[in-house]
Amino acid sequence: MSVAGPSTEVWQGRAVRLVRRPQGRPVVDDFSWDVETVGPLEEGQVLVAVSDVSIDPAMRGWMTAAKSYIPAVELGQVMRAAGAGVVRESRHAGFSPGDLAVGLLGLRELAVVHGDSLIRSAPSLGVPSEVLVGGLGGTGLTAYFGLTDVGAVRSGETVLVSAAAGAVGSVVGQVAKILGCRAVGLAGGPEKCRHVVEDLGFDACIDYKARAEDLVAAVHEACPDRVDVYFDNVGGAPLEAALATLSHGARIVLCGAVSQYNADHQGWHGPRNYMNLLVRRASMRGFVLFDYADRYAEGALQLAGWWAEGRLKFHHTFVEGLDAYVDALNRLWDGDKLGKLVLRIG
C-alpha cells in the first residue's frame, strides 16, 4: 500500500559513480565513492535499502562509450547494477515497508525508483536476496532463454558450456541435464572442474588451463558425438575449440566474451575457424536478456520450480562492502569465484 500524503523526507547513503572510462582493467581511480541525497518520494516511487548487488561482466561494457545494446553509463552517474533490498518507504500501491524488491537499483546503499520497474518478493516466500539477483533473476533467465530459445536445445543432445563454474554457465549445464542432454563444461582449474561435475551434476568438465595446448583434442574426447549446442561466455580459444567440434546443424549461443572485455578492439581475438559454421551447416547467434523482457515471468516460474524441487543449485561468492567494488569486479576476469558473484552492502 502506498504511503498517504506527500513525502517530504530525504535520506543519505553512499554510492559509486563512474568518473573515468577504464583503459583495460578497471582501477579505483575510475570511480568515486560519494554520499548522495535521495528523496523526497514522488507518487509511485519506492525507497529501497540495497542489500545485495549483482556483479556482472556486462558492467565492463556499460563503462565504455561505444554504442551497445544499452546506453553507456555517463561520467558522473551512479554505476548501473541489478540489486535486491528491503523497502523502507513506499508511495506505490504494490509495495509496503518490509517487502523485498529486485531491480536495477544501482551501486548504492539507498535507491529511489519507480515501483513499476521493480519485482516484489514477499519475505514469507523464503527466497534469499542473493538468489533473487542470481539464479532466479537475470543470471538464471539468461541461461534459460539462451539455452532453450537461442540454442533450441533438444533432449539427447550434447551441450558444451564455457565458464561452467560461473554464474550463467553453471545454470546452463544444470538446465541441460534437466532437459535430458549430456552436459560438458569448460572451467579453469581442477577444483572448479570437480565442482562442476560433483556438485552441479555435469557429465564431464575440461580444465581449459591444463589442456590449453590441445584444447580441441580435449573437447573431442569429452564430446565423442560432437557438440550440438555450445553456450559461449568466454570467446577466444574455447570458442575456436567448440567451432572445431560442431555437429551437423549445431547452434552456438553467444552470451558473452569475458576473455575480451578488457582489450581494445585491435586486441580482440576472433575465431579463425568460423568457416566450420558453413561446413557443418551450423549457426552462431548472439542475444541479450532484454530480448525476452515480455517472458521473464515464464522463465522465472520454470527456474523457481526446479529450484524448489532441488533440481537446480545456485552457488554464490560474496564480497563485502561498496569499497570492495573494483576488487570484486576484477575477480570476474581472474576467475576467482564460484557461481554468482555478489557484492553484499547491507
- [ ] Using just the helices of the chain, give the 222 nm mean residue ellipticity in deg cm²/dmol: DSSP H runs with n ≥ 4 each add -39,500 (n - 2.57), and the total is spread over all residues, rounded to 500.
- [x] -6000 deg cm²/dmol
Task: For the range 157-303, size of Cβ-based charge dipole, Lys and Arg +1, Asp and Glu -1, in debye - done: 280 debye
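List the GluC sites (Glu not before Pro) within the range 274-346 that DSSP assigns to loop and that have no more than 14 neighbouring Cβ atoms inside 10 Å. Walk me through the intermediate numbers first.
Numbers: sites: Glu298, Glu309, Glu320; in loops: Glu309.
Answer by residue number: Glu309.
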Task: Sparse-neighbourhood loop sites, GluC sites (Glu not before Pro) in the range 31-90 - DSSP loop, at most 15 other Cβ within 10 angstrom - done: Glu42, Glu43, Glu74
TODO: Obtain the nm distance between the two label points defined at Leu277 and Asp336 by a simple spin-label model: each point lies 7 Å from its Cα along the Cα-to-C-beta direction.
DONE: 3.6 nm
TODO: Relative to the longest principal axis of the C-alpha atoms of the chain, give the angle of the C-alpha long axis of helix 296-308, reported between 0 and 90° and rounded to the nearest 10°.
DONE: 80 degrees
Open item on the list: What does the C-alpha gyration tensor say about the overall shape of the chain? Classify as rounded when a/c is under 1.5, otherwise prolate if a/b is larger than b/c, or oblate.
Closed with: prolate
Open item on the list: Give me the extension gain from Ser68 to Val19: residue separation times 0.36 nm, minus the current Cα-Cα distance, reported in nm with one decimal.
Closed with: 15.7 nm
- [ ] Find how much the distance from Arg295 to Ala152 grows on full extension, using 0.36 nm per residue of separation minus their present alpha carbon separation; answer in nm with one decimal.
- [x] 49.9 nm
- [ ] Report the FRET efficiency, 1/(1 + (r/R0)^6), for Ala217 and Val288, where r is their Cβ-Cβ distance and R0 is 35 Å, rounded to 0.05.
- [x] 0.60
Task: Which of Phe287, Phe231, Phe95 has the fewest Cβ neighbours within 10 Å, and the rest in rising order - done: Phe287, Phe95, Phe231
Open item on the list: Report the Cα-based extents of the range 222-341 along its three principal axes, largest first, to the nearest Å.
Closed with: 49, 40, 32
- [ ] Considering only DSSP beta bridges where both residues belong to the chain, give the percentage that are antiparallel (nearest 5).
- [x] 55 percent
Task: Residue order, fewest to most beta carbons within 10 Å, for Leu289, Leu341 - done: Leu289, Leu341
Task: Sorted by Cβ density within 10 Å, fewest first, the residues His315, His195 - done: His315, His195
Open item on the list: Could you give me D for the range 8-54, from Stokes-Einstein at 20 °C and 1.002 mPa s, where the hydrodynamic radius is the Kirkwood radius over C-alpha pairs? Units µm² s⁻¹, please.
Closed with: 164 µm²/s
Open item on the list: Calculate the FRET efficiency for Glu191 and His269 from the Cβ-Cβ distance with a Förster distance of 22 Å, rounded to the nearest 0.05.
Closed with: 0.25
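Mind checking the range 57-118 for trypsin sites (Lys or Arg not before Pro) that DSSP puts in a loop (not H, G, I, E or B) and that have at most 16 other Cβ atoms within 10 Å? All intermediate terms of the calculation are to be shown ahead of the outcome.
On the way: sites: Arg60, Lys67, Arg80, Arg88, Arg91, Arg108; in loops: Lys67, Arg80, Arg91.
Passing both the DSSP loop test and the Cβ count: Lys67.
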Open item on the list: Treating only the Cα positions of the range 141-260 as identical point scatterers, give the base-10 log of I(q)/I(0) from the Debye formula at each q in 0.12, 0.17, 0.18, 0.20 Å⁻¹.
Closed with: -0.33, -0.70, -0.79, -1.01
Open item on the list: On C-alpha positions alone, give me the angle between the axis of helix 325-334 and the longest principal axis of the chain, in degrees, nearest 10.
Closed with: 10 degrees
- [ ] Under a cut-off of 15 Å between alpha-carbon atoms, report the aspartates and glutamates in cross-link reach of Lys313, not counting same-chain residues fewer than 8 places apart.
- [x] Glu130, Glu198, Asp199
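Read the figures in this text as sums done on the coordinates, not as results from a lab. Just so it is clear, the model here is predicted, and its values are computed rather than measured. No Cβ is skipped: glycine too gets one built from the backbone with ideal geometry, and neighbour counts run over all protein chains shown.
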